[in-house]
Amino acid sequence: MRRIVGPAALLVVMLAGTAGCNLQQDIDVELPVLPAQLVAECYLVPGQVPRLTVTETVPYLSTPEPSVPTDVTVVLTLPNGQQQQLSFRPGQDKLTQKAYTHIGRQPLVARPGDTFTLDVRDSKGRRVTGTATMPALVPLDTVEWKFNEKSGEERKAYVLSRFQDPAATANFYRFQIHNDSISKDPERDFELDDRLNNGQLITLGTSYRFSAGDTLLITLYHIDQPYYLFLQSVQDARNANGNPFAQPAAIRSTVQGGLGVFTVLSSDRRTVILK
């Protein structure tokens, strides 16, 4: 009688043959030592005093603590050509709880179409520059919610937000929903474009995740394309970090000469209480 060896039997034989082998091999990889670069992060908000965070890059495997240079000069050029120097006065934004290193003197006046220029320099000769134009305001049209038919803690609501996309132009958005305070991590945070909905009424929704009495801050940012690509690259880098099967992703900065982002935020925010 003949014995027929199938694929499963062959796999068992192969595994048995390698059971006594040591398949682990340590490899030392020398990481290149790159010079530290300046990192600038600046979000201009109309009506608020300009704030900026300047740090510098550190090696990948170093302690995750920010490296803050103190010899940095920051100049913001306004649309009318006037220059405003931001002083090195580290602090924390009371509204967002985010830290900053430099702050201006007076609230920012910005209108759609206004262009601002950023110039960051240090005593080592490093320089970061950037240009940003304020997009037009795209208001939220309606915000509504509906509860499911369950009771107790299982009773949840979904939220729908609608806005009218301007026609004939490419537009980019960031949409956030915070519960109770924008200083907390958002419940929803994503970016989108209007390639498939140009000039149409766009509806953004959530799952059944909010409870009765929740105070929601719903924000729609109309952003420029460089900031949109920056946000997407940050998300790609987070997904790739520590994942051996992911493609490496680089941050697509909106500044030149270093890393970071410089943009003007144009936003509409609604505060609703789910009753």
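The values are calculated or read from the model by the stated rules, or taken from the named source; none is laboratory data. Model, not experiment: these values are computed from the prediction. Using ideal geometry, Cβ is built from the backbone for each residue, glycine included, and neighbour counts are taken over all protein chains shown. Protein only, heavy atoms only, side chains kept; ligands, DNA and RNA dropped before computing areas. Shrake-Rupley method; radii C 1.70, N 1.55, O 1.52, S 1.80 Å.
Figures for the structure shown
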| read-out | value |
| --- | --- |
| Heavy atoms of D28: accessible area, 1.4 Å probe, square angstrom to 10 | 150 Å² |
| Stretchable slack from L160 to Q48, in nm (0.36 nm times residue separation minus alpha-carbon distance) | 37.4 nm |
| Residue (of G125, V138, F172) at the positive-pole extreme of the chain, dipole from beta-carbon charges | V138 |
| Charge dipole magnitude, Cβ of K and R +1, D and E -1 - segment 29-104, Cα centre, debye nearest 20 | 380 debye |
| With DNA, RNA and ligands ignored, accessible area of S207 (1.4 Å probe; Å², nearest 10) | 70 Å² |
| Percent RCO, i.e. relative contact order, over the chain, from Cα pairs under 8 Å lying at least 6 residues apart | 19 percent |
| The chain: angle of helix 7-18 to the longest principal axis, Cα-based, in degrees nearest 10 | 90 degrees |
| Longest segment of the chain lacking chymotrypsin sites (Phe, Trp or Tyr not before Pro) that sit in a DSSP loop with at most 10 other Cβ atoms within 10 Å | 61-244 |
| Rounded tilt (10° steps) of 225-240 against the dominant C-alpha axis of the chain | 30 degrees |
| GluC sites (Glu not before Pro) restricted to DSSP loop in segment 27-73 with at most 13 other C-beta within 10 Å | E30 |
| Sequence-distant residues sharing a close amide H with Q37 (under 5 Å, placed H) | T57 |
| Out-of-range pairs (alpha-carbon distance over 24 Å; input K150/K184; K94/K184; K156/K184; K98/K156) | K150/K184; K98/K156 |
| Counted charge near V143, where neighbours are those whose Cβ lies closer than 15 Å (Asp, Glu -1; Lys, Arg +1) | +1 |
| Selected from L76, L231, L196 as most flexible by GNM, with the chain as the system and alpha-carbon contacts under 10 Å | L196 |
| Structure-derived mean projected area of the Cα convex hull in nm²: which label, when the choices are (1) 16.8; (2) 13.0; (3) 25.6 | (3) |
| The chain - charge dipole about Cα centre, Lys and Arg +1 at Cβ, Asp and Glu -1, debye rounded to 20 | 320 debye |
